[in-house]
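The structure appears right after this line, and notes come after that.
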Amino acid sequence: MADLVVALIKEIAALRKLLAPQRTAGKTVGLVPTMGALHAGHRRLLEIARAETDVVVASIFVNPTQFNRAEDLDHYPRTLDQDLDVCRAAGVDLVFAPRAAEMYPQEPRTWVDVPALSEHLCGPGRPGHFRGVATVVMKLFQIVQPDRAYFGEKDAQQLAIIRRMVKDLDVPVAVVPVATVREPDGLAMSSRNRHLTPEERRRAIVLSQALFAARDLILRGERSTTAIRTSVAPLFDAVQLEYFSIVDPKSLSPVERIEGPVLIAGAIWLGSTRLIDNVMVAL
Ligand code: AMP
């Protein structure tokens, strides 16, 4: 879309109007859904979309239906001006940043739910979260009708749920996974990292340390998840652990003995900030 330098669109109808002629002209559309407060992780998704598709749409929408705590929604960082700079630098064509009333003009009565994949890992701690995520992503797919949509492996459960939703509902989009972008010390980049005090930031690295330690144990031959969990447990002494699980990457159900590829995932709390991370081990 050489004729456009990052356009900020707030309405569904306006976005559709801009995209229709592009599609007619045979251009491919790439979508990168985000909640804003963009960092290097998001930037990676945008750059890959830029390289792979003709028209890149970034959505920035802090989706109220995926927050199960009002306080978390209120405190979620909102930095639209800086986000537009990031999008411009990454060569994004269109930024779709609707208001909540545009996306939800009335109380939604239709939901997309993938319960079997939502009940593990983050599910128990965030009731209704993945239903909100799947529903808003489906709405974005309907609005943008992308050829390709980019999601970070950082949110592995979300990625698994979106992939399954796309298969089950025959959505004509290629879901493209993007590897987790990390700080030099291993901490996964996250919009929530900016809430950490310097002291919490120092403690935050235990999550990636535990994930990498667990992966090393598996690669050196350990097959018992109980033994692995016991071995890494002391790392979590100075943080509040929500979960640390070793699961099947497809079903997300817990694994007792490791006999194939596994996903190791965890969530910790530092004060009122919740951080998640994961690593895949492809045996
Ligand atoms: P969010 O704005 O947190 O909803 O994230 C938007 C997209 O960026 C999701 O697909 C995330 O998985 C992805 N993402 C967030 N952090 C990272 C990261 N550190 N590395 C790669 N992708 C990420």
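Observations on the structure shown:
Per-residue answers, yes or no, for (1) within 15 Å of the ligand (Cβ to nearest atom); (2) touching an Asp or Glu at 6+ places or on another chain (Cβ under 7 Å); (3) more than 18 Å from ILE60 (Cβ to Cβ):
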position	(1), (2), (3)
GLN106	no, no, yes
VAL114	no, no, yes
LEU121	yes, no, yes
PRO124	no, no, yes
PRO127	no, no, yes
ALA134	yes, yes, yes
GLN158	yes, no, no
ARG163	yes, no, yes
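- When ALA70 is tested against (1) among the aliphatic types (A, V, I, L, M); (2) closer than 19 Å to ILE9 by Cβ; (3) more than 15 Å from the ligand (Cβ to nearest atom), just one condition goes unmet, and that condition is (2).
- Among (1) in contact (Cβ under 8 Å) with a residue 40 or more places away in the chain; (2) more than 14 Å from the chain's Cα centre (by Cα); (3) within 13 Å of the ligand (Cβ to nearest atom); (4) buried (at least 16 other Cβ atoms within 10 Å of the Cβ) - the single one ILE143 does not satisfy: (3)
- Within region 76-97, the set of residues being touching a strand residue (DSSP E or B) at 6+ places or on another chain (Cβ under 8 Å) and in a helix (DSSP H, G or I) comprises LEU80, ASP83, LEU84, CYS87.
- Here is the figure for region 9-28: residues that are surrounded by 13 or more Cβ atoms within 10 Å (Cβ to Cβ) and closer than 30 Å to LEU73 by Cβ total 7.
- Pairs where the first residue, in region 81-95, is free of Cβ contacts under 8 Å to residues at least 60 places away in the same chain and the second is aliphatic (A, V, I, L, M) and surrounded by 15 or more Cβ atoms within 10 Å (Cβ to Cβ), C-beta under 6 Å, 6+ apart: ASP83/LEU38; ASP83/ILE60; VAL86/LEU38; ALA90/LEU46
- Any hit, region 37-47, residues being among the hydrophobic types (A, V, I, L, M, F, W, C) and at pLDDT below 95: no
- Test: residue in region 172-186 that is among the charged types (D, E, K, R), within 11 Å of the ligand (Cβ to nearest atom) and either over 24 Å from LEU46 (Cα atoms) or buried (at least 19 other Cβ atoms within 10 Å of the Cβ) (or both): no
- Which listed residue, of GLY26, GLY36, is assigned to a loop (DSSP other than H, G, I, E, B) and without any contact (Cβ under 8 Å) to a residue 12 or more places away in the chain: GLY26
- Meets criteria (more than 9 Å from the ligand (Cβ to nearest atom), buried (at least 19 other Cβ atoms within 10 Å of the Cβ) and in contact (Cβ under 8 Å) with a residue 40 or more places away in the chain) for LEU31: yes
- Unique residue being surrounded by 14 or more Cβ atoms within 10 Å (Cβ to Cβ), under 15 Å from THR34 (Cβ atoms) and of a type in the set (A, V, I, L, M) when the list is LEU94, LEU121, LEU117: LEU94
- Yes/no for VAL239 being more than 30 Å from VAL32 (Cα to Cα), touching a helix residue (DSSP H, G or I) at 6+ places or on another chain (Cβ under 9 Å) and touching a residue at least 24 places away in the same chain (Cβ under 8 Å): yes
- Picking from residues in region 61-72 that are free of Cβ contacts under 8 Å to residues at least 40 places away in the same chain and over 18 Å from ASN193 (Cβ atoms), the one that is nearest to the chain's Cα centre (by Cα) is ARG69.
- In region 196-213, the qualifying residues are those that are touching a residue at least 60 places away in the same chain (Cβ under 8 Å) and surrounded by 19 or more Cβ atoms within 10 Å (Cβ to Cβ), and the one that is farthest from VAL262 (Cα to Cα) is ALA204.
- Inspection of region 214-227 identifies at least one residue that is buried (at least 16 other Cβ atoms within 10 Å of the Cβ) and free of Cβ contacts under 8 Å to residues at least 24 places away in the same chain.
- Of note, VAL136 satisfies the criterion of being of a type outside the set (Lys, Arg), at pLDDT 95 or above and buried (at least 21 other Cβ atoms within 10 Å of the Cβ).
The values are calculated or read from the model by the stated rules, or taken from the named source; none is laboratory data. Please read these numbers as outputs of a predicted model, since none were measured by experiment. FYI the Cβ positions are ideal-geometry reconstructions off the backbone, even for glycines, and counts take in every protein chain you see.
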